[in-house]
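See structure below.
Please treat every number below as a calculation from the coordinates, not as lab data. Owing to the predicted nature of the structure, the values given are computational and were not obtained by experimental measurement. Reconstructed Cβ throughout: ideal geometry from the backbone, glycine too, with neighbour counts over all protein chains shown.
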Ligand SMILES: Cc1cc2nc3c(=O)[nH]c(=O)nc-3n(C[C@H](O)[C@H](O)[C@H](O)COP(=O)(O)OP(=O)(O)OC[C@H]3O[C@@H](n4cnc5c(N)ncnc54)[C@H](O)[C@@H]3O)c2cc1C
């Protein structure tokens, strides 16, 4: 891996910076959540922003050109990552579509599916969600019970999914269903693409401990899904689900978000005090900040290694679990540290006149706990690393 920037790379960086400077109006409209007529419409503003970003060449950078991507070099992707993070541009509305669904579809989807969905994901025309977990199937995902029966040209789906992030705004869903109850549990699962507007789908929001409502329960009651929306073979969904999870974990290391969290924490240490002195002057706090920064940099280079392997055509594989585990622990450590600095102010609600930073720190702490669960819990990441990276024997047979 060579990360030296050539003259050509620096010219690419300049082009990106010029483009960012000329996009200021759209960036502020997206931040304010208004559409082009000035009306408040955060969803439309986010869709417009992603389309703008895509048309300039900064979404789908590593994707094959035939599916609307740019086949950009590794260094171009690194430069774009750095500069877009530095510019604090709005996050993508379609993270699941871009980082989880599309790589799986490129690898396993039919040509027709790729042509139909991939460009729409790039332009945020379809927002996607992931319908894997169920009330009785999270870590042990292969125990899922949502049932699908092939009836003529359609699957008829009945059952329930849970913790479906963005389910309430999604147009489409990657859905795991059981199609053979008599087979061993991993051999009776099929991978489908469900239209979230289909008749028979009911979505109920769930509230998390931080007060947010980003995920949902999704109920399927005789929902018809056309047979052509099956990815791969009938009963062959488990291997595809595994590659979706590897893609999810490789994306979840989220260095850009960690850098943003770190910068906010740094600002907090400059404004809050410990023992009457600015927190930034406290030796222990300074040590911790330095350690966080070192770990974020380590994670960044681990991410570049994964990206470099992906660009050579290798799958993200189990090493993505190392990044996911490390990133969620780091995020939790920073969030806990912020609460310690905020001290008793952490107990105040958003509406209190004395609340610090509109209650961001306590909400951030609760959100950070979810990162050790979503996409596979930290305990499961330890198991994956032990078995698939270190090749240790399985502790429990299933
Ligand atoms: C913020 C967030 C977003 C999410 N978004 C989605 C989404 O969009 N789509 C989706 O399908 N799901 C989503 N999930 C669900 C997530 O994938 C599951 O919560 C996760 O896989 C754990 O499953 P569970 O909640 O059923 O816990 P369980 O599997 O019941 O686990 C309970 C506890 O037991 C431990 N445990 C279980 N098995 C083992 C084992 N073999 N060895 C050691 N310890 C074990 C776990 O680590 C955990 O601490 C999301 C979850 C969160 C928190």
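When the square roots of the Cα gyration tensor eigenvalues are ordered a ≥ b ≥ c, the ratio a/c for segment 191-272 is 1.5 or more and a/b does not exceed b/c, which makes its shape oblate. Extension gain for the segment residue 169 to residue 379, taken as residue separation times 0.36 nm less the Cα-Cα distance, is 72.6 nm to one decimal. Evaluated on segment 176-312, the Kirkwood hydrodynamic radius is 19.7 Å, with distances taken between all distinct Cα atoms. In this simple spin-label approximation, residue 305 and residue 22 carry label points 7 Å from Cα along the Cα→Cβ vector, and these lie 3.9 nm apart.
Comparing mean-square fluctuations of 144, 299, 266 from a GNM of the chain with C-alpha springs under 10 Å, the top value falls on 266. Cα centroids of segment 291-356 and segment 188-261: 23 Å apart.
Decide, for segment 128-236, between rounded, prolate and oblate: order the square roots of the alpha carbon gyration tensor eigenvalues as a ≥ b ≥ c, take rounded if a/c falls under 1.5, and otherwise choose prolate if a/b is larger than b/c, else oblate. It is oblate, given that a/c is not under 1.5 and a/b is not larger than b/c.
Rounded if a/c is under 1.5, else prolate if a/b is larger than b/c, else oblate: which is segment 1-139, with a ≥ b ≥ c the root eigenvalues of its Cα gyration tensor? Here segment 1-139 falls in the oblate category.
Counting 0.36 nm for each residue step from residue 87 to residue 140 and taking away their Cα separation leaves a gain of 15.1 nm. Once both labels are positioned 7 Å from their Cα atoms along Cα-to-Cβ, the gap between residue 202 and residue 227 label points is 3.1 nm.
For the chain, evaluate the Debye formula with one uniform point scatterer on each Cα (no solvent term) and list log10 I(q)/I(0) at q = 0.09, 0.13, 0.14 Å⁻¹, rounded to two decimals. Computed log10 I(q)/I(0) values: -0.59, -1.26, -1.44.
Between residue 113 and residue 180, the contour length at 0.36 nm per residue exceeds the Cα-Cα span by 21.7 nm. The share of C-alpha pairs in segment 252-389 whose separation exceeds 27 Å stands at 29 percent. Extending 7 Å from Cα along the Cβ direction at residue 390 and again at residue 294 yields two label points whose distance is 2.2 nm. With an 8 Å cut-off on Cα pairs and a minimum separation of 6 or more residues, tell me the relative contact order of the chain in percent. With pairs under 8 Å counted, the relative contact order is 12 percent.
When peptides 152-159, 129-136, 270-277 are ranked by their average number of other Cβ atoms within 10 Å per residue, the highest-first order is 129-136, 152-159, 270-277.
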